[in-house]
Amino acid sequence: MPHYFFDTRDDEEFISDDVGLELPEIQAAAKVAAQSLAELALEVLPGAAERCIGVDVRDEQREVLTTELTYKAVFHYPPA
Amino acid sequence: MHPVTHDLQPFLARLTNRSRLNEAEQKAILGLPTHFLHVDIHRDFVPLDTVVDHVSVVAEGFVARFGQNAEGERQITALHIAGDAPDLHTVVVPSDTVPLQALSRAAILRVPHTALRAVAARYPALAEAFWRHSSVDAAITARWVVNVGRRDAKTRLSHLLCEMAVRHNVQDGDGEVTFPFPLTQFHLGDATGLTPVHVNRSLKALAAQGFVTLSGRMARIPNWQKLVERGEFEAGYLQAGLQPGERLRIVD
């Protein structure tokens with residue numbers, strides 16, 4: 001099975017994955033990337049005004065998938 | 001694995017760390033019949049939906065109790081180490097199924113339900129000790145539900161690592177603590193309901209901030225109290241590290 005690595009981005013902070021996962025094919029890796037992105041969102045979005053996060057997938061040769069989630073909170077009344 | 005002789009001493013130690021047992025009761029535990037089993041890493045030595053007529057006592061290694069969804073994705077519902085009897089309650093609820101997987105190479109001692117019922121009938125204090133053992137497992141499960149349902153990833157992992165440290169009887173103090181911890185980020189994901197990716201990211205952050213590092217199948221906690229606070233951990237539910245006078249004998 002191919003070995004995929006999942007690097008995470010939180011605004012400009014980049015964390016490289018040096019362990020990776022063995023998965024049957026790229027669609028399985030895409031699912032893990034989406035789940036990981038959602039988990040990261042759950043952790044960093046509450047309280048944030050603007051945030052851009054992403055999970056990028058590599059195999060042992062090259063980049064195979066880039067995901068990104070942009071969040072923006074706009075208050076319609078000025079916060080007290 | 002080295003050819004080591006395994007007996008029920010670790011199980012007896014687990015019982016007597018919480019419950020006061022006299023010499024005859026302790027001998028009765030050590031005299032229980034056992035069937036010895038070496039289990040390879042990742043093997044389900046009690047498969048899903050299996051009804052058993054024996055209890056599996058962990059003599060060596062790491063074992064997971066688990067459940068899974070229709071797609072086969074697993075959730076680890078408990079971790080067990082040497083001395084634990086993960087399915088002890090099947091002695092009195094024989095229809096329950098408790099799937100068990102080895103997370104490392106493991107040594108298991110199977111003890112027949114009939115033999116455990118016989119010693120419990122003869123020695124009420126043993127029935128009490130078994131009851132207490134199962135109750136601690138239930139208390140651990142309750143803490144895990146809170147952990148998985150209501151804590152962020154780093155707190156969740158910190159809590160789990162604190163729990164496993166205490167269950168390994170590490171010295172509780174301000175100093176550095178190390179204990180065997182062979183689980184991969186994949187296992188940790190299954191135990192905490194996180195993707196391995198998020199586990200990896202969170203562990204890196206915890207290591208960078210000096211809370212805990214996992215390497216070489218060991219966990220190293222540089223400052224025990226610091227991780228306890230990070231993991232919102234209170235050890236009382238584990239009934240571990242009790243002084244002899246605090247160990248219980250209530251029924252008789």
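Work out the mean other chain Cβ neighbour count within 10 Å for the residues of A:13-19 and drop it here as an integer. Intermediate values should be presented prior to the final figure.
Details: counts 0, 0, 7, 3, 6, 2, 9.
Mean partner shielding for this stretch: 4.
When Rg and Dmax are taken over the Cα atoms of segment A:10-70, they come to 12.3, 38 Å.
With the charge dipole of chain A set up from +1 on Lys and Arg Cβ and -1 on Asp and Glu Cβ about the Cα centre, the Cα lying farthest toward the positive end among the listed residues A:Ile26, A:Ala41, A:Met1 is that of A:Ala41.
Taking Cα centre as origin and charging only the Cβ of basic (Lys, Arg, +1) and acidic (Asp, Glu, -1) residues, the dipole magnitude of the protein assembly as shown rounds to 1040 debye. Cut-off 18 Å, label point 7 angstrom out along Cα-to-Cβ of A:Asp10: give me the residues of segment B:152-166 whose amide nitrogen falls inside. Counting backbone N atoms under 18 Å from the label point, the list is B:152-159. For segment B:95-244, the spread of Cα coordinates along the three principal axes comes to 54, 34, 30 Å, biggest extent given first. Put simply, the amide H of B:Thr34, placed in the peptide plane, has no neighbours under 5 Å, leaving out anything fewer than 5 places away on its chain. Between A:His3 and B:Leu37, the modelled label-to-label distance comes to 3.3 nm, taking each label 7 Å out from Cα in the direction of the beta carbon. Positive-end ranking of B:Ile29, B:Ser95, B:His168 along the dipole of the protein assembly as shown, with charges on Cβ about the Cα centre, is headed by B:Ile29. Peptide packing: for A:61-67, B:188-194, B:203-209, the average count of neighbouring Cβ atoms within 10 Å per residue gives the ranking B:188-194, B:203-209, A:61-67, highest mean first. Label-to-label distance, B:Glu23 versus A:Ala34, with points set 7 angstrom from Cα along the beta-carbon direction: 6.7 nm. Here each label is just a point 7 Å from Cα along the line to Cβ, and for A:Cys52 and B:Val145 those points are 4.3 nm apart.
Cross-link partners for B:Lys154 among the lysines, with Cα-Cα distance under 27 Å and sequence neighbours closer than 8 places in the same chain left out: A:Lys31, A:Lys72, B:Lys204, B:Lys226. Spatial offset of segment B:179-200 relative to segment A:1-37 amounts to 15 Å, using the alpha carbon center of each. Placing unit charges on the Cβ atoms only, positive for Lys and Arg and negative for Asp and Glu, gives segment B:168-252 a dipole magnitude near 380 debye about its Cα centre.
Just how large is the dipole of chain B about the Cα centre, in debye to the nearest 20, putting +1 at every Lys and Arg Cβ and -1 at every Asp and Glu Cβ? Intermediate values should be presented prior to the final figure.
Working: 26 positive and 26 negative charges, 76 e Å.
Value, rounded to 20: 360 debye.
Per-residue shielding of B:190-199, expressed as the average number of other chain Cβ atoms within 10 Å of the residue Cβ, stands at 6.
Let's test the formula: R0 of 51 Å, r as the Cβ-Cβ distance of B:Ala118 and B:Glu246. What FRET efficiency results, to the nearest 0.05? Kindly include the intermediate steps, with their values, before the conclusion.
Details: r = 29 Å, r/R0 = 0.57.
After rounding to 0.05, the efficiency reads 0.95.
Note on A:Ile26 and B:Leu48: with the Förster distance fixed at 30 Å, the Cβ-Cβ geometry gives a FRET efficiency of about 0.55.
Positive-end ranking of B:Pro86, B:Gly231, B:Ser19 along the dipole of chain B, with charges on Cβ about the Cα centre, is headed by B:Gly231.
Every read-out reported here was derived from the displayed coordinates using simple, explicitly stated rules and does not represent laboratory data. As the structure is a computational prediction, the values presented were derived from the model and not from experiment. Glycine gets a Cβ as well: all are built from the backbone with ideal geometry, and neighbour counts include every protein chain shown.
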